[in-house]
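Scroll down for the structure; my scribbles are underneath it.
The values are calculated or read from the model by the stated rules, or taken from the named source; none is laboratory data. Every value quoted in this text rests on a predicted model; they were computed, and no experiment measured them. Ideal geometry is used to build each Cβ from the backbone, glycine not excepted, and the neighbour counts take in all protein chains shown. Quick note on the areas: whole protein, heavy atoms, side chains included, nothing else; ligands and nucleic acids left out. Shrake-Rupley method; radii C 1.70, N 1.55, O 1.52, S 1.80 Å.
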Amino acid sequence: MPHRHTTSMFPDTARPSRPRWQLWQHWQHWLVAGLLAAGIGGHAAVHAADAEGDVDWRGQSAGSCQQDRAGQAALSRIAQQLQAQGMALQARCHGPSGAWRVEVTVVDGLKASKVVRGPLADGHEVDMGTPAGVPLAAASVDAGGFSPDVQFNRQWLRTLMAQHRFSNLPDAWWHFAQQGSSPVSVAAR
């Protein structure tokens, strides 16, 4: 087979030392900062900047949870705890209520099976009966008619969050406020 000569745009001594994805992350932060400084991008720019973190601090509008550093620190501790259990935490500030929208995703189904119940496919949400962030009547804390696995998972999440001083709001299993904060009251839907 004939030898093909390939050329590179970088001579051997000038190749970047980091993989392309790391270079993109590096430049992505500068791009986001530039867009924010120019007043462009808003939510999309914040989304790109937070893409690499374990906990997502995004919000729909300014709410009390976005300024709550103690709550953010507590959520970081929860994320670390869940990571060791094969799960990942996403917590978004729900701007209209000033409370947190919490979602738990399976990262390692084998580890997660020691803690939660139900189908545990990697990359999927832990089964709570309804999707996180969707204001349905079935999402309320006192909604019934769910499998024992869903009931167990909802109680597990309430207990986990309570250990870190978060109270479950009655409108949804995914809606939490840090104890001592004063989120806007949310009517059950």
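Scanning region 119-129 for residues that are among the charged types (D, E, K, R) and part of a loop (DSSP other than H, G, I, E, B), which turns out farthest from residue 153 (Cα to Cα)?
122
What single numbered condition from (1) buried (at least 21 other Cβ atoms within 10 Å of the Cβ); (2) modelled with pLDDT under 95 fails to hold for residue 175?
Every condition holds for residue 175 apart from (2).
Does region 100-123 hold any residues that are within 26 Å of residue 170 (Cβ to Cβ) and without any contact (Cβ under 8 Å) to a residue 24 or more places away in the chain, and which are they?
Across region 100-123, the qualifying residue is only 105.
Quick check on my filter: what residues within region 97-118 are in a loop (DSSP other than H, G, I, E, B) and open to solvent by 10 Å² or more (accessible area, probe 1.4 Å)?
The answer is 107, 108, 113, 114, 115, 117, 118.
Could you list all residues from region 122-156 that are open to solvent by 40 Å² or more (accessible area, probe 1.4 Å), within 17 Å of the chain's Cα centre (by Cα) and within 21 Å of residue 82 (Cβ to Cβ)?
Listed by number, the residues that qualify are 122, 123, 124, 125, 127, 131.
Here is a list of conditions, (1) open to solvent by less than 80 Å² (accessible area, probe 1.4 Å); (2) of a type outside the set (Gly, Ala, Ser); (3) at pLDDT below 95, and residue 189 meets all of them except one; can you say which number that is?
The single condition residue 189 does not satisfy is (1).
Does region 99-109 include one or more residues that are of a type in the set (S, T, N, Q) and over 19 Å from residue 158 (Cβ atoms)?
The answer is no, given that none of the residues of region 99-109 is of a type in the set (S, T, N, Q) and over 19 Å from residue 158 (Cβ atoms).
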